[in-house]
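Only one structure is covered here, and it is reproduced in the block below.
The values are calculated or read from the model by the stated rules, or taken from the named source; none is laboratory data. Values in this document were obtained by computation on a predicted structure and should not be read as measured data. All Cβ positions, glycine included, derive from the backbone under ideal geometry; neighbour counts span all protein chains shown. All accessible areas refer to the heavy atoms of the entire protein, side chains included, with ligands and DNA or RNA removed. Shrake-Rupley method; radii C 1.70, N 1.55, O 1.52, S 1.80 Å.
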Amino acid sequence: MNKWGFWHGFIMKKKIKKWIHKDSAAAWIFLAPSGVGFALFYLIPFVMGLFYSFMDRTIDGQFVGLDNYRELLASNSFRKASSNTFYFSAVCVPLLLALSLGLAMLLHKNIYLRKWLRTAYVLPLVVPVASIILIWQMLFDWNGSLNAWLNGFGIERVDWMKTDAARNVIIVVYVWKNIGYNVILFLAGLQQIPKDYYETAQIEGAGRLRQFGSITLVYLTSTMFFVVIMSIINSFKVFRETYLIAGDYPHDSIYMMQHYMNNMFTSLNIQKLTAAATLMVICILLIVMGLFALERRYRQFME
């Protein structure tokens, strides 16, 4: 009996290993097209760009070490673009996080017109960016709707995109465009929290603020971590909106990193372009790694 059991277990292990090998082979076959596309359009161009950032020119160039990076850091245009980009991210990400979480908690309750409100916040995700920009241009133009309303109250017209107010306009556009996606993620996370926890907390006398800190935030840690990362990445990609609203050379307050790289591409200064892109990738990686470390420590603290 023992001998039969040994051979039976041995045969079952071989079958399981064979089944795993078959599944892994099938998985690699399905992943291969995506892997080839990623390598062809993302990984290989990035490695080539990293290589060009250490050369003095792209054709028959010579290795110049970190000279391109030194010139880049000494450039006033690059410093202005990088500071504006990081300021935009530092303001927009916490603002978007707070607003989307608050709206998600509101829509999670049985309020009036809840389904219609959910649809309203999702609509910006399905509307093309160019169409959205046309709406905002009609609103914030010199002859736009906002100035017409202000003029009706006796307030002078403001050229919003040529003053420091341009930064606030871009912040509003970014929040309006991305808030729906974050609300969906937070709603999915809120629906996973058992209602029994809140009922038990109420019985024990915990207030709403205590419930929010001890239950809601704890169970939304993973969701919030993902939302923060996506919000940071999207904040670095706000160039589309800024470019369509203000053009190649916008007001100094909204001159972003992508504007600098776009201008370098127009002048065919590929070395500075690739050096700026490399620094941008390094900064994003450092931010994401810092968030991973912070999330890991928070989990250990909660355990």
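About the Cα centre of the chain, how large is the charge dipole given +1 on each Lys and Arg Cβ and -1 on each Asp and Glu Cβ? Please answer in debye to the nearest 20.
Result for the chain is approximately 1560 debye, rounded to the nearest 20.
Take the cross-link list LYS109/LYS195; LYS80/LYS162; LYS80/LYS177; LYS177/LYS237 and give me the ones stretching past 19 Å between alpha-carbons.
LYS80/LYS177
Dipole magnitude of the range 235-303 about its Cα centre, charges +1 at Lys/Arg Cβ and -1 at Asp/Glu Cβ only, in debye to the nearest 20?
240 debye
Mind sorting out which of (i) 49; (ii) 31; (iii) 57 is the real percent of Cα pairs over 29 Å apart computed from the coordinates?
Given (i) 49; (ii) 31; (iii) 57, the calculated one carries the label (iii).
According to the Cα gyration tensor, what semi-axes, each the square root of 5 times an eigenvalue, does the equivalent ellipsoid of the range 26-184 have, listed from largest to smallest in whole Å?
39, 29, 15
What are the membrane-span-like helices in the chain by this rule: whole DSSP H runs, Cα extent along the axis at least 27 Å, mean Kyte-Doolittle hydropathy at least 0.5?
Going by DSSP H runs, the hits are 76-107, 165-191, 270-302.
Which of the peptides 234-244, 188-198 is most tightly packed, and how do the rest follow, going by the mean number of other Cβ atoms within 10 Å of each residue?
Ranked by mean Cβ neighbours within 10 Å, highest first: 234-244, 188-198.
Around MET55, which amide H atoms from residues at least 5 apart in sequence, or from another chain, sit under 5 Å from its own amide H, with H modelled in the peptide plane?
VAL64
Within the set of other residues whose C-beta is less than 15 Å from the C-beta of VAL127, count the net charge using Lys and Arg as +1 and Asp and Glu as -1.
Every neighbour counted, the sum reads +1.
Skip the ligands, DNA and RNA, and give the accessible area per residue of the chain with a 1.4 Å probe, whole Å².
The answer is 65 Å² per residue.
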